[in-house]
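Peer 1: I'd like to ask you about the structure that follows.
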Amino acid sequence: EEFVRQAAAKWILREELVLWIWDKVSGDFVGGTGFHTLKWQVPTLEIGYWIRTSQVGKGLMSEAVNALTHYAFDVIGAKRVEIRCDKDNAKSRGIPQRLAYKLDAILEQNETSPSGGIRDTCVYSRLNTKGLPAIQATW
């Protein structure tokens with residue numbers, strides 16, 4: 001409840017735009033995503049995501065991130081979209097790679113991992129929607 005209240009407040013303040021993903025057939029909760037590290041003056045933003053283990057490998061997060069990337073450029077007018085993920089998380093890295101994001105850098109020893117260790121972070125980016133899979137959406 002605390003997280004949801006904080007996310008709602010950040011949404012109102014346009015500091016973060018957290019979104020949930022639900023299976024449209026079963027109605028089951030799949031995961032979360034959204035826009036983070038928003039710099040409205042540019043504008044640029046970061047897409048973050050996580051998915052339930054039971055939902056990994058179905059293409060759902062790639063589909064969601066593709067839609068968010070289109071939304072960022074086509075609706076928000078972003079000039080740059082980033083995805084940051086743990087260098088050792090191959091599944092997480094697969095999403096920007098499948099969506100033709102460019103690997104800009106690997107930041108060494110810059111974040112703590114959930115286990116408390118130190119990790120390296122991959123920084124991927126896109127500057128437009130060229131080459132993204134087409135989507136059918138009404139914004």
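The values are calculated or read from the model by the stated rules, or taken from the named source; none is laboratory data. Just so it is clear, the model here is predicted, and its values are computed rather than measured. We place every Cβ from the backbone using ideal geometry, glycine too, and count neighbours over all the protein chains shown. These area figures cover heavy atoms from the full protein model, side chains too; ligands, DNA and RNA do not enter into them. Shrake-Rupley method; radii C 1.70, N 1.55, O 1.52, S 1.80 Å.
Peer 1: So, by mean Cβ neighbours within 10 angstrom, what's the order for 60-66, 47-53 with the highest one leading? Intermediate values should be presented prior to the final figure.
Peer 2: Numbers: 60-66: 19.0, 47-53: 16.4.
The most tightly packed comes first, giving 60-66, 47-53.
Peer 1: At 1.4 Å probe size, with the rest of the protein present, what percent of the exposed accessible area of the range 1-115 is carbon and sulfur atoms?
Peer 2: 52 percent
Peer 1: Give, as a single signed number, the net charge of other residues whose beta carbon lies under 14 Å from the beta carbon of THR53, with Lys and Arg counted +1 and Asp and Glu -1.
Peer 2: +2
Peer 1: In Å, the Kirkwood hydrodynamic radius of the range 1-128 over pairs of distinct alpha carbons? Let's see the in-between values first.
Peer 2: On the way: mean 1/r = 0.0647 Å⁻¹.
By the Kirkwood definition, the hydrodynamic radius is 15.4 Å.
Peer 1: Could you do me a favour and compute the accessible area per residue for the chain, 1.4 Å probe, result in Å²?
Peer 2: Values: 8760 Å² over 139 residues.
Averaged over the residues of the chain, the accessible area is 63 Å².
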